[in-house]
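Taking it in order: structure first as structure tokens, then the write-up.
The values are calculated or read from the model by the stated rules, or taken from the named source; none is laboratory data. Source: prediction; values computed, not measured. All Cβ positions, glycine included, derive from the backbone under ideal geometry; neighbour counts span all protein chains shown.
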């Protein structure tokens with residue numbers, strides 16, 4: 001199949017590698033076939049082993065990307081749970097102060113409680129505010145009708161709050177690092193792909209210089225690009241946040257391609273879809289319901305994710321839909 005996107009590099013290499021092996025076998029003592037390196041002067045030539053190494057690297061890189069996406073989603077879910085828990089305690093603190101210290105300057109100093117979907121700066125400022133105010137209340141003396149320390153439901157104390165706040169601070173860092181590593185590993189994959197394409201192009205140019213025009217090895221050269229006019233029409237995709245499943249629901253129109261093989265749902269990190277960074281997150285067989293559920297990149301309230309639905313044909317050609325942007329409410 002031709003190279004039509006990041007997901008097709010491995011399968012395309014799997015077609016070129018046996019062809020290259022047969023070329024070397026046919027050349028015999030005149031071989032193996034060496035290619036001038038189109039990626040730079042070092043090394044000056046490339047061979048089949050280089051392609052095999054890149055194929056193996058890409059397989060590992062695809063797996064690493066999936067694993068890192070899982071780590072990011074897990075970290076995001078943990079972050080959300082920790083923010084919800086601390087938000088609850090912050091609300092209990094505010095209620096307790098209003099009940100036991102009404103009319104005092106402590107009540108007037110209460111911060112406005114943020115929402116769990118608020119960003120780190122807004123959320124942490126309010127929680128730090130609560131921590132410092134709580135410490136001042138515990139240190140205060142001579143307040144009629146109040147005896148320090150202040151405790152909220154279940155005997156939850158300032159020390160418990162500060163411990164949870166410290167863990168949340170670390171979790172923000174953990175989640176940010178996990179998100180960064182998704183993009184980093186995608187760029188690692190892209191680096192390998194950038195070596196592959198020009199090398200395969202060089203291979204297709206080189207083979208006909210060793211074998212006659214009608215030779216089986218020339219006639220069976222794997223394709224690197226789709227044939228003109230063979231690209232299927234795109235489908236129109238839409239997406240909404242599905243409350244019952246706590247996932248995004250992506251739907252699309254039926255492809256009319258007669259050689260339809262399947263649909264692929266792809267995602268790219270960030271709020272702007274960049275095809276070079278896309279990752280396949282699911283496949284839907286031809287004839288199956290035209291819908292896909294995912295929480296990819298939507299682990300937190302307010303998160304934004306972008307998707308496309310690709311039509312893939314039995315000849316290996318593909319076409320992407322419009323970009324679907326979903327925001328988790």
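Some observations on this one:
- Among (1) assigned by TED's automatic domain parsing to the domain that holds residue 55; (2) crowded, with 17+ Cβ neighbours inside 10 Å - the single one residue 210 does not satisfy: (2)
- Looking across 77, 85, one residue alone is within 28 Å of residue 136 (Cα to Cα), surrounded by fewer than 19 Cβ atoms within 10 Å (Cβ to Cβ) and either more than 22 Å from the chain's Cα centre (by Cα) or touching a residue at least 12 places away in the same chain (Cβ under 8 Å) (or both). It is 85.
- Considering only residues in region 105-124 that are part of a helix (DSSP H, G or I) and in contact with a helix residue (DSSP H, G or I) (Cβ under 9 Å, 6 or more places away or on another chain), the one that is farthest from residue 140 (Cα to Cα) turns out to be 120.
Yes or no, residue by residue, for (1) modelled with pLDDT of 95 or more; (2) touching a helix residue (DSSP H, G or I) at 6+ places or on another chain (Cβ under 9 Å):
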| site | (1), (2) |
| --- | --- |
| 90 | yes, yes |
| 94 | yes, yes |
| 103 | no, no |
| 134 | yes, yes |
| 139 | yes, no |
| 144 | no, no |
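- Residue identified as under 30 Å from residue 50 (Cα atoms) and either in contact (Cβ under 8 Å) with a residue 12 or more places away in the chain or not assigned by TED's automatic domain parsing to the domain that holds residue 308 (or both) among 168, 158, 246, 221: 221
- The lone exception for residue 206 - which of (1) at pLDDT 95 or above; (2) part of a helix (DSSP H, G or I); (3) within 31 Å of the chain's Cα centre (by Cα) it fails: (3)
- Counted residues, region 200-233 - those being closer than 18 Å to residue 38 by Cα and in contact with a helix residue (DSSP H, G or I) (Cβ under 7 Å, 6 or more places away or on another chain): 5
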